[in-house]
Amino acid sequence: MADAPKKRTTDIGPPHYEQFLPPAIKKNYGQWKYHEILRAGVMKHVAENGDAVYTVRAGGSRLMSIDKIRMICDLADKYADGHLRFTSRHNIEFMFTDEKKIDTLIADLKKIGHPVGGTGPSITSIVHTQGWVHCHSAATDASGIVKSVMDAVIGHFENMDLPAKCRIALACCLNMCGAVHCSDIAILGIHRRPPKINHDLLHKTCEIPNVVSACPTAAIKPTTVNGKPSVTVDEERCMFCANCYTVCPSMTLNNPLNDGVSIWIGGKVSNARHEPMFSKLAIPYIENNPPRWPEVVEAVVNIIDVWKNNARKYERIGEWIERIGWPNFFKLSGIEFGKMHIDDFKHAGLTFKRSAQLTY
Amino acid sequence: MADELPKTPMLDELEKGPWPSFVSEIKMAAKRSPASKDLLGILERSYQEKIGHWKHGGIVGVLGYGGGVIGRYCDVPQDFPNVAHFHTIRVNQPAGWYYKTDALRKICDIWEKRGSGMTNMHGSTGDIILLGTSTDQLEPIFEELTAIGFDLGGSGSDVRTPSCCLGKSRCEWACYDTMAACHDFTKNYQDELHRPAFPYKFKFKFSGCPNDCVASVARADMSIIGTWRDNIRIDQKAVGDYASAGVDVTKEIVNLCPAKCMDWDGKMLKIDNSTCRRCMHCINVMPKALRPGKDTGACILIGSKAPIVEGALLSSVIVPFIKMEPPYQEIRDLVERIWDLWCDEGKNRERIGEFIQRVGLGNFLEMIEVEPAAQMVAHPRENPYVFYEEYFEEGEEEAEN
Amino acid sequence: MAEKVSVAEVAEKMYKMVKEAQGMRKLKAMDLTKNIMEIYGDRVDKQTCKDAIREIIETEKCVYTYFGGSYIELPHKEGAANP
């Protein structure tokens, strides 16, 4: 090592969380007794010794500027001795012991445009992916749809007026960086055309065996085009997953005319009552209609309304549909059932109705 | 100083309405950052053309690391030169996503000087995402981040940044110290996190109870979910208080119990803990009256993932119950046996869940030296195509055991 | 028991493998490890391979890359960086 680089700091890992804990949290760590939700977005946690900590939860946009982070830091300095935390769904939480601060903090959050809510039987912030803001394989934008949907359902964020929690998630392609597949409502970007292959570039940018093995349906075969090694795609077998594109930039799937979103419902991850389950297809395709995707917003609002009006208390969307049956869901929601709703991948047979227990 | 912001009639529509607007966020950053200004421009073009304008790059890290940076380039650099390079940096978040404002402000300062000023708080896996910088800034950013005590997170075929719920810091249901475990595993597997050596990614998520607030069962190759073995703690008086306050204990709790193991006669709530499934519903509804037991620990599930390549999976049980105490040696040994096997036998881009599907859970258990348990299956097999491994030979006297 | 191979020797061998495969096949860390174990048998262990990979990366003879999975390649200008 002739030109050894100067000593660099590496592998230190994240800072230890303890230095960031608010004093009352640190003091009562592991000593919590119970909690109450005082109102949407406001919680009170009580420790064994009687100490109480109040939490105010504000909705965030996942995409944030450092300017906004600094404004939020200003509020944390003012109300929470310089402490704050984020939730797994992009919400921002302030914790403090003085109950009197709650209302003024909420008012200050409103001033910088952040609503308070997202606790209990409500809709909380939508987890989502990068979309056209930063992703190469996005079939739709993420932030634009999320903003439009949240504008429409913010009433269910600020009020706990639903039968149960409703977790919405958006992924802008099947890669599902947002792992939306177990959400009450999942909005999923989809491609609908096979990859366009750049035969001139492919052999330079991609390794062919990798491309071939990337295909879940074995639709890709090696070939030679104009004397150059390349691949062919059996278009009949392509289900537009874009996995080949992930390993090979010379096989683009993005297609403005055909890309769009699908809607999947009834998944959950919590074990409460029903075991965790996958979301199931409700609407196979809605075309991209930026900037506000009104058809997607309308579809999501419709599903929420039908569920809200028909479900029993504590029934999440999937539990409700399991009780009433999918035929009733399609009838109540007015969504048309068709061929695309029927699975045809591995283990599809397990999803067929195999009994005479039917509703009419 | 950036000049006037580009005209963005479509994006401007997304500044309307009550929910916080990401467009307003980009505009704030664009006042200072030429990259964020071009981000506005290129995003407006995407909205008009209904197509993204990003190319994936192969850049993955700073010197010595194979993860933590996602290479990104735009496909129209002639029109938007300030986002010609627009790489993402993943910064490993502190466990539980707690911060002090001085730490956050220091990150903002670095990002103001060396990047677009746009972030995600946080990305899907849990990292702080710093969105958009150029190749020449990567080393200086890394040096400045480590100087304030932060390090990069994972990307590629490595241990991805572990994440956890806030656990015992503020939740009475936490059955083990998720933040301590998450921090411990993250620190212990720094090499595996920064230097990709696996067939594909490997995610850990730590949830304190079966409510699974970090969605570990759906999103982690190893899901470590808190639970308990003894009885639910009941405060009968508090149950009565809920009933007097209007909770219909029979309808809202007893009837919704998936194990049908509860009974309420108007005075006393009885639970048959031998059939309780630890689902959390009754505890969720009456947190002042019911609490998890005291013999707490975790169950470990393995193999969940999103659809790519072979279809989505939920994690399934591999250790029905284990006490969660540092240094977590038994779990580490298990993890390392799994990694050794997966590195030897796994195919390129095959997640551990897919690997198990391919070799069979029974065989997998044998290979990692774990005894099968009835908790690992929803029910025994229905198909009679059994690969029997033991049999008698003609003339053999008796089975040996 | 045969004499152990040094980290430096393994690193040099790995570097050659990457160089020979460049443009034909992308190698992963585990491909390098497997190939080395095949060549040297019990004269090498996984830790030596790990140390050798670290050496070829930290001396900048090779770099990690990503295309749907992580690979080890010779340093080169990014294809996507060209307009």
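Okay, here's what the table says:
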{"read-out": "All positions within segment C:47-83 that are facing another protein chain (nearest Cβ under 8 Å) and basic (Lys, Arg)", "value": "C:Lys50, C:Arg54"}
{"read-out": "Options B:Gly67, B:Gly58: the member that is within 14 Å of chain C (Cβ to nearest Cβ), within 26 Å of C:Lys77 (Cβ to Cβ), part of a loop (DSSP other than H, G, I, E, B) and in contact (Cβ under 8 Å) with a residue 40 or more places away in the chain", "value": "B:Gly67"}
{"read-out": "Top-ranked residue of segment B:213-262 - restricted to ones that are among the charged types (D, E, K, R) and in contact with an Asp or Glu (Cβ under 6 Å, 6 or more places away or on another chain), ranked as surrounded by the most Cβ atoms within 10 Å (Cβ to Cβ)", "value": "B:Arg229"}
{"read-out": "Flag if A:Tyr54 is within 9 Å of chain B (Cβ to nearest Cβ) and either over 17 Å from B:Trp97 (Cβ atoms) or open to solvent by 20 Å² or more (accessible area, probe 1.4 Å) (or both)", "value": "no"}
{"read-out": "Residue in segment B:233-247 that is in contact (Cβ under 8 Å) with a residue 40 or more places away in the chain, more than 9 Å from chain A (Cβ to nearest Cβ) and touching a Phe, Trp or Tyr at 6+ places or on another chain (Cβ under 9 Å) present", "value": "yes"}
{"read-out": "Unmet requirement for A:Val212, which otherwise passes all of (1) in contact (Cβ under 8 Å) with a residue 24 or more places away in the chain; (2) more than 24 Å from the chain's Cα centre (by Cα); (3) closer than 27 Å to B:Ile59 by Cα", "value": "(1)"}
{"read-out": "Given (1) more than 7 Å from every other protein chain (Cβ to nearest Cβ); (2) without any contact (Cβ under 8 Å) to a residue 12 or more places away in the chain, index of the condition B:Arg160 fails", "value": "(2)"}
{"read-out": "Search result, residues across segment B:41-55 that are over 26 Å from A:Ile286 (Cβ atoms) and within 12 Å of chain C (Cβ to nearest Cβ)", "value": "B:Lys55"}
{"read-out": "Selection status of B:Ala378, touching a Pro at 6+ places or on another chain (Cβ under 7 Å) and at pLDDT 95 or above", "value": "no"}
{"read-out": "Inter-residue pairs, beta-carbon under 8 Å, first at the interface with another protein chain (Cβ under 8 Å from one of its Cβ atoms) and touching a residue at least 12 places away in the same chain (Cβ under 8 Å) and in segment A:245-259, second among the hydroxyl-bearing types (Ser, Thr, Tyr) and part of a helix (DSSP H, G or I), 6+ apart", "value": "A:Cys248/A:Thr205; A:Pro249/A:Thr205"}
{"read-out": "Residue count for segment C:9-46, restricted to those that are away from every other protein chain (no Cβ under 14 Å) and not in a helix (DSSP H, G or I)", "value": "1"}
{"read-out": "Pair list, Cβ < 9 Å and 6+ apart or interchain, from segment A:24-42 residues that are within 10 Å of chain B (Cβ to nearest Cβ) and among the aromatic types (Phe, Trp, Tyr) to residues that are surrounded by fewer than 20 Cβ atoms within 10 Å (Cβ to Cβ) and part of a helix (DSSP H, G or I)", "value": "A:Tyr29/A:Glu18; A:Tyr34/B:Ala238"}
{"read-out": "Tally, over segment B:342-401, of residues that are out of contact with any helix residue (DSSP H, G or I) (no Cβ under 6 Å at 6 or more places or on another chain), within 30 Å of C:Ser70 (Cβ to Cβ) and in a loop (DSSP other than H, G, I, E, B)", "value": "8"}
{"read-out": "Check on B:Gln93, within 7 Å of another protein chain (Cβ to nearest Cβ) and either more than 19 Å from B:Thr133 (Cβ to Cβ) or part of a loop (DSSP other than H, G, I, E, B) (or both)", "value": "yes"}
{"read-out": "Only listed residue being under 20 Å from A:Cys182 (Cβ atoms) and either of a type outside the set (Val, Ile, Thr) or within 14 Å of chain C (Cβ to nearest Cβ) (or both), chosen from B:Phe198, B:Phe206", "value": "B:Phe206"}
{"read-out": "Scan of segment B:316-337 for residues that are under 19 Å from the mean Cα position of the chain (by Cα) and part of a helix (DSSP H, G or I), ordered by number", "value": "B:Ile331, B:Arg332, B:Val335"}
{"read-out": "Residues of segment A:184-202 satisfying the condition of being surrounded by fewer than 19 Cβ atoms within 10 Å (Cβ to Cβ), within 14 Å of chain C (Cβ to nearest Cβ) and in a helix (DSSP H, G or I)", "value": "A:Asp200, A:Leu201"}
{"read-out": "Out of A:Gly318, A:Gly338, sole residue that is touching a strand residue (DSSP E or B) at 6+ places or on another chain (Cβ under 8 Å) and surrounded by fewer than 16 Cβ atoms within 10 Å (Cβ to Cβ)", "value": "A:Gly338"}
{"read-out": "Any chance A:Met277 is surrounded by fewer than 22 Cβ atoms within 10 Å (Cβ to Cβ), touching a helix residue (DSSP H, G or I) at 6+ places or on another chain (Cβ under 7 Å) and within 12 Å of another protein chain (Cβ to nearest Cβ)", "value": "yes"}
{"read-out": "All positions within segment A:317-352 that are within 14 Å of another protein chain (Cβ to nearest Cβ) and among the β-branched types (Val, Ile, Thr)", "value": "A:Thr351"}
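The values are calculated or read from the model by the stated rules, or taken from the named source; none is laboratory data. What you see is a predicted model, and the numbers here were worked out from it, not measured in a lab. Here the Cβ is made from the backbone with ideal geometry for all residues, glycine too, and neighbour counts use every protein chain on show. Quick note on the areas: whole protein, heavy atoms, side chains included, nothing else; ligands and nucleic acids left out. Shrake-Rupley method; radii C 1.70, N 1.55, O 1.52, S 1.80 Å.
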